[in-house]
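In what follows, a single structure is set out as structure tokens and then discussed.
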Amino acid sequence: MQFEFQNPTRLIFAAGALARLGEVVRRHGKRALLVTGGGSVKRSGVFARAVVSLNAAGVTVIECSGVEPNPRLSTVLRGAELARREGCDVVIALGGGSTMDAAKVMAAAVYYEGDPWDMIAHGQDRQRLPTRALPVVTVPTLAATGSEMNCGAVITNEQTTEKSFVMAECLYPVAAVVDPELTVSVPADQTAYGICDLITHVTEGYFNGVDGTPVQDRFAEGVVATALEWGPKAVADGNDLEARAQIQWASVVALNGWVQIGTDAPFPVHMIEHVLSAHHDVAHGAGLAVVNPAWMRYAAESRPERFAQFAHRVFGVPAKWSDPAGCAQEGIASFESFLRSIGCPTRLSELRIGDALLARYAQETVRIAHDDQRRLPGRPALSEAEIVNLLR
Ligand code: NZQ
Ligand code: ZN
């Protein structure tokens, strides 16, 4: 294990923190592109409160609304053009992961020379990472992706039906204003998908990372155990602010780099899901709920002890060291039941995805992973045929 770590995002975490948005943004600029999604922040009144705080601090707001779930390249280009035309000096993302990702790439596209898709096309020869971006302040309204405090963004090129990602230093937000009160309006299904997403962020590191990471193991187990305890409460009662806060903190830490530190893990479950949500109108967390247990069943065959440890420590499955494979499968079954209990789908048919195109999806997954061996990196590395099998 070896690593170098820096996360420069200032994190402000508190119920009511939205009132401080203006003061936080004013440190970085005074003409803000305020990026939002399809309207939830207007309906909840959060948008109006954000504008009041910004104006009180002397920040002028240029509105850029309409970022769609699984955000599109054309939306990013529209926002970047608006920011350039209006002379914005700071970008604010007020919304879910889609809004935050789009805002980050808008901020970089303002300076990017050439085709902005080239910064996103992960792993491809054409990829040229951005090196400069307008400062971004994130204000998440949904606990899920962790985008508020990381340097990643996932964008769909609707012309090529390709969903890919970029990770670059300049995309770290300068600040994240995380106010759990903003998530009380998230409907139960999106709340559940967010819980699955945050759990999957840590299981990817746990099961695909290098050996010998006992501290990271305990971090990851703690995040999952917290999600198991508080997730059902947030789903059952959206106004339970304590549950909302615990889930939101779990989602921040699940992908701000800390839990996976030094594990050097690829994210195969995410790579498979991204292709599904590039082709189908599927929420990211819902897609993960289908792919992750299926992937686990497959991967556990080659690493039963690792999965047995998870089953024992997180789901309380009695340790049966004579039968780690059985223990592992019991833990995966518990995980799947948990996902179902909070309302996640766990079968492709529930996402209305048939099996006619699975071979194509597997091929695209491996191509986007850009591995010389034509396998999807992970433990184990998967061939296209194996991806098709696990999806079936
Ligand atoms: O668009 P609006 O009207 O805001 O509605 C959204 C959207 O319909 C709604 N919503 C958000 N906050 C709400 C709310 N509804 C009521 N009240 C609120 N407070 O929820 C719906 C889903 O929003 P979206 O932003 O798409 O969800 P999520 O946060 O799950 O983001 C998913 C996107 O993030 C990417 C995914 O691939 C997907 O494109 N990811 C980004 C990552 C990153 N940057 O680190 C990592 C993740 O693994 C993930 O891949
Ligand atoms: Zn995710």
Does residue 171 satisfy being near ligand 1 (Cβ under 10 Å from one of its atoms), in contact with a strand residue (DSSP E or B) (Cβ under 8 Å, 6 or more places away or on another chain) and more than 15 Å from residue 106 (Cα to Cα)?
no
Checked 121, 143, 93 against criteria (of a type outside the set (Asp, Glu) and within 16 Å of ligand 2 (Cβ to nearest atom)); the one match is 143
Looking at residue 276, is it modelled with pLDDT of 95 or more and either over 20 Å from the mean Cα position of the chain (by Cα) or surrounded by fewer than 19 Cβ atoms within 10 Å (Cβ to Cβ) (or both)?
no
The residue from 87, 45, 39 that alone is more than 16 Å from ligand 1 (Cβ to nearest atom) and surrounded by fewer than 20 Cβ atoms within 10 Å (Cβ to Cβ) is 87
Taking the stated definitions as given, is residue 180 over 30 Å from residue 128 (Cα atoms) and without any contact (Cβ under 8 Å) to a residue 60 or more places away in the chain? no
Of the candidates 130, 180, 135, the one satisfying the condition of being modelled with pLDDT of 95 or more, away from ligand 2 (no atom under 16 Å from the Cβ) and either hydroxyl-bearing (Ser, Thr, Tyr) or closer than 25 Å to residue 344 by Cα (or both) is 180
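Each row is one residue, and each column tells you yes or no for (1) in contact (Cβ under 8 Å) with a residue 24 or more places away in the chain; (2) within 13 Å of ligand 1 (Cβ to nearest atom).
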| position | (1), (2) |
| --- | --- |
| 104 | yes, yes |
| 121 | yes, no |
| 134 | yes, no |
| 139 | yes, yes |
| 154 | yes, yes |
| 160 | no, no |
| 164 | yes, yes |
Among the residues of region 96-114, the number that are of a type in the set (Ser, Thr, Tyr) and within 16 Å of ligand 2 (Cβ to nearest atom) is 2
Per the filter on region 203-214, residues assigned to a helix (DSSP H, G or I) and out of contact with any Gly (no Cβ under 9 Å at 6 or more places or on another chain) are 203, 205, 206, 214
In this structure, does residue 244 turn out to be part of a helix (DSSP H, G or I), more than 14 Å from ligand 2 (Cβ to nearest atom) and surrounded by fewer than 24 Cβ atoms within 10 Å (Cβ to Cβ)?
no
Condition set touching a Lys or Arg at 6+ places or on another chain (Cβ under 9 Å) and part of a helix (DSSP H, G or I), scope region 183-201, selection nearest to ligand 1 (Cβ to nearest atom): answer is 183
message = Condition (residue is farther than 19 Å from residue 209 by Cα, within 21 Å of the chain's Cα centre (by Cα) and surrounded by 15 or more Cβ atoms within 10 Å (Cβ to Cβ)) applied to region 299-321: is it met by at least one residue?
response = no
Taking region 156-199 and keeping residues under 12 Å from the mean Cα position of the chain (by Cα) and crowded, with 24+ Cβ neighbours inside 10 Å leaves 193, 194, 195, 196, 197, 198, 199
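The values are calculated or read from the model by the stated rules, or taken from the named source; none is laboratory data. Treat the numbers as computed from the prediction; the structure is a model and nothing was measured. As a convention, Cβ positions derive from the backbone with ideal geometry for all residues, glycine included, and neighbour counts pool all protein chains shown.
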